[in-house]
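Asker: This structure is in structure tokens; I'll ask about it shortly.
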Amino acid sequence: PPPPPPPPSPPPQSGADAATGAEGAAPPPLPAVVQVTMANVQQVFADTHTTPTILYCTASWCEPCKTLLPKVEQAVKAKRGALRLAVIDVDAVPQLAQQLRVQSVPTVIGVHAGRPIDQFVGQVNDAQLQRFVKALVRLARPDQALDDVLDDADAALAAGNIDDAERVYRELNEAAAAAEQRG
């Protein structure tokens, strides 16, 4: 699918009307999972410069959304702060949904550094969701790629796929030895 449109540009806030509630004070950090409102949308998008964010566009009446959301939440929480989930109720903030060009729910958009990176609409299987999450995290934390490979090797070992796990560990060891020789 084509990349999603650029994130919305809400009207600038200033002074005591800002999301901080106080002139010049820094807003409190956002949690790993945040409900997006027009009051906090500016902070959510600003924070994508430091934390890749999944925009999860949903609606209370959407049954597939209710099925997918817990999976996305679990994937985000498993990354222990490397990723944020911003839940957007398209009925509660229709102007934001319109700016994001959401035509169907669930729509899931990965955003990094204020820019949309990738998206999907509708259900995806667990492997597709994990690939989406890992790709987004790698943009901000390239070192996460090694963690992902080790996680995959550990999972193969736990599943009894000893040959696969051994192959991955051997390749990592060879890559580490080659890097040590170069550097």
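Asker: Among the listed residues Pro106, Pro116, which satisfies the condition of being open to solvent by less than 50 Å² (accessible area, probe 1.4 Å), under 15 Å from the mean Cα position of the chain (by Cα) and either closer than 22 Å to Ser60 by Cβ or among the aromatic types (Phe, Trp, Tyr) (or both)?
Answerer: Of Pro106, Pro116, the one residue that is open to solvent by less than 50 Å² (accessible area, probe 1.4 Å), under 15 Å from the mean Cα position of the chain (by Cα) and either closer than 22 Å to Ser60 by Cβ or among the aromatic types (Phe, Trp, Tyr) (or both) is Pro106.
Asker: Residues in the stretch 36-47: is at least one charged (D, E, K, R), within 17 Å of the chain's Cα centre (by Cα) and outside any loop (DSSP other than H, G, I, E, B)?
Answerer: Taking every residue of the stretch 36-47 in turn, at least one turns out to be charged (D, E, K, R), within 17 Å of the chain's Cα centre (by Cα) and outside any loop (DSSP other than H, G, I, E, B).
Asker: If we keep just the residues of the stretch 37-83 that are in contact with an Asp or Glu (Cβ under 8 Å, 6 or more places away or on another chain) and open to solvent by less than 70 Å² (accessible area, probe 1.4 Å), which is nearest to Asp151 (Cα to Cα)?
Answerer: Once the filter is applied, the top-ranked residue is Thr53.
Asker: Arg101 fails exactly one of the following numbered conditions: (1) of a type in the set (D, E, K, R); (2) closer than 28 Å to Asp152 by Cβ; (3) open to solvent by 80 Å² or more (accessible area, probe 1.4 Å). What is the number of that condition?
Answerer: (2)
The values are calculated or read from the model by the stated rules, or taken from the named source; none is laboratory data. No experiment lies behind these values; they were computed from the predicted model shown. FYI the Cβ positions are ideal-geometry reconstructions off the backbone, even for glycines, and counts take in every protein chain you see. Accessible surface areas use protein heavy atoms only, side chains included; no ligands, DNA or RNA. Shrake-Rupley method; radii C 1.70, N 1.55, O 1.52, S 1.80 Å.
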